[in-house]
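Here the structure comes first, spelled out in structure tokens, and everything after it is commentary.
Taken together, the values in this text are just the output of simple stated rules run on the coordinates, not laboratory data. These numbers come from a predicted model, not from an experiment. Glycine gets a Cβ as well: all are built from the backbone with ideal geometry, and neighbour counts include every protein chain shown.
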Amino acid sequence: MLASRAMRLPGVQDRPAVRISQRSSRRVMRGRAAGVAVGLTAALALAACGGGAAPSPSPSAAPTPTPTPNPHLAAPASVDAVFTWLTRHGLTIIPNNADARDSGEPVKRINATYAGWPLILSQYSTEAAARNATGIGR
């Protein structure tokens, strides 16, 4: 068998080639059918929307405002209160050790681990002492 000839399958008939003019006329018909379908859909949608005016909703009473609970700790908060608040709210903090001082800053410190990272919670006697010791807010 030659490579240039098409292979014929048993039971399959050859169809004559469709002329180019017939192909383009079929495309035009498909395009017109699609246009008619779009126009019909738009007409139906407009007819469905064109009914009488919808009744206006009756006014409802405004909901009564309720106070939002304050999740913040009151200042000054001890380092023990901060640690307890954090663990109570789902943080898995593992305390390692703690130290307290009679004089000097920080007054108390808790060394802990959170998610494998070191965490140091420190308590200072005043806000100014905390700013001086940490350099935050200078």
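Applying the selection to region 94-132, what residues are surrounded by 12 or more Cβ atoms within 10 Å (Cβ to Cβ), of a type in the set (A, V, I, L, M, F, W, C), without any contact (Cβ under 8 Å) to a residue 40 or more places away in the chain and assigned to a strand (DSSP E or B)?
Those that are surrounded by 12 or more Cβ atoms within 10 Å (Cβ to Cβ), of a type in the set (A, V, I, L, M, F, W, C), without any contact (Cβ under 8 Å) to a residue 40 or more places away in the chain and assigned to a strand (DSSP E or B): ALA98, ILE110, ALA112, LEU119.
Tally time: how many residues in region 64-93 are assigned to a loop (DSSP other than H, G, I, E, B) and charged (D, E, K, R)?
Residues that pass the stated criteria total 0.
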